[in-house]
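The values are calculated or read from the model by the stated rules, or taken from the named source; none is laboratory data. None of these values were measured; they are calculated from a predicted model. Cβ coordinates were reconstructed from backbone atoms using ideal geometry, including for glycine residues, and neighbour counts include every protein chain displayed.
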Amino acid sequence: MSYSAKYIDHFSNPRSVGEIDNPDAFSEVQHEGGGCFDTVKLTLKLRSGRISEAMFRARACSGTIAACSALVEKIRGMDINDARDLTPADIADYLGGIPEKKQHSVELVIKALDEALSR
């Protein structure tokens with residue numbers, strides 16, 4: 001599978017890179033399998049049962065950067081309960097597909113989201 005135009009756009013022009021001051025929810029996760037040591041930090045602002053703002057920092061491969069960018073774009077304004085139901089496949093679909101070798105990326109960003117919303 002080749003990289004979709006949306007994947008390339010999110011990698012080349014990632015959305016909401018940085019950290020939210022005084023976040024309501026946050027996580028920092030690392031993928032350690034297959035020689036990949038991607039690290040993702042996710043910070044969220046929550047208001048009235050919704051994710052009002054989301055930002056990320058990543059030291060990662062192109063797949064994880066694209067997945068982080070797609071995640072923060074997708075969850076902004078989303079009901080917290082709906083965000084908890086997101087799966088790696090949802091993020092892969094949002095990106096127009098993702099090569100199998102980058103599957104760890106969508107799994108990692110969902111892990112970051114789950115951990116942030118569990119605090």
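Can you tell me which residues in segment 40-62 are of a type in the set (S, T, Y) and either modelled with pLDDT under 95 or within 11 Å of the chain's Cα centre (by Cα) (or both)? Steps first, answer last, please.
Here is the first cut: in segment 40-62, the residues of a type in the set (S, T, Y) are 43, 48, 52, 62.
T43, S62, listed by residue number.
Filter segment 45-60 down to the residues that are in contact (Cβ under 8 Å) with a residue 24 or more places away in the chain and outside any strand (DSSP E or B), then identify the one that is nearest to V17 (Cα to Cα).
If we take residues in segment 45-60 being in contact (Cβ under 8 Å) with a residue 24 or more places away in the chain and outside any strand (DSSP E or B), then A60 is nearest to V17 (Cα to Cα).
Would segment 88-107 turn up any residue that is closer than 20 Å to V17 by Cα, in contact (Cβ under 8 Å) with a residue 40 or more places away in the chain, in contact with a Leu (Cβ under 7 Å, 6 or more places away or on another chain) and not aliphatic (A, V, I, L, M)?
no
Quick check on segment 44-52. Is at least one of its residues out of contact with any Asp or Glu (no Cβ under 9 Å at 6 or more places or on another chain) and under 18 Å from E107 (Cβ atoms)?
Within segment 44-52, not a single residue is out of contact with any Asp or Glu (no Cβ under 9 Å at 6 or more places or on another chain) and under 18 Å from E107 (Cβ atoms).
Assigned to a helix (DSSP H, G or I), closer than 15 Å to V106 by Cα, modelled with pLDDT of 95 or more and in contact with a Phe, Trp or Tyr (Cβ under 6 Å, 6 or more places away or on another chain), is that true of I65?
yes
Collect the residues in segment 75-106 that are surrounded by fewer than 18 Cβ atoms within 10 Å (Cβ to Cβ) and assigned to a helix (DSSP H, G or I), keeping them in residue-number order.
I80, N81, D82, R84, A89, D90, D93, E100, K101, Q103
Consider A116 carefully, then state whether it is in contact with a strand residue (DSSP E or B) (Cβ under 9 Å, 6 or more places away or on another chain) and touching a residue at least 60 places away in the same chain (Cβ under 8 Å). Give the steps one after another, and end with the answer.
Numbers: in contact with a strand residue (DSSP E or B) (Cβ under 9 Å, 6 or more places away or on another chain): yes; touching a residue at least 60 places away in the same chain (Cβ under 8 Å): yes.
So A116 passes the test.
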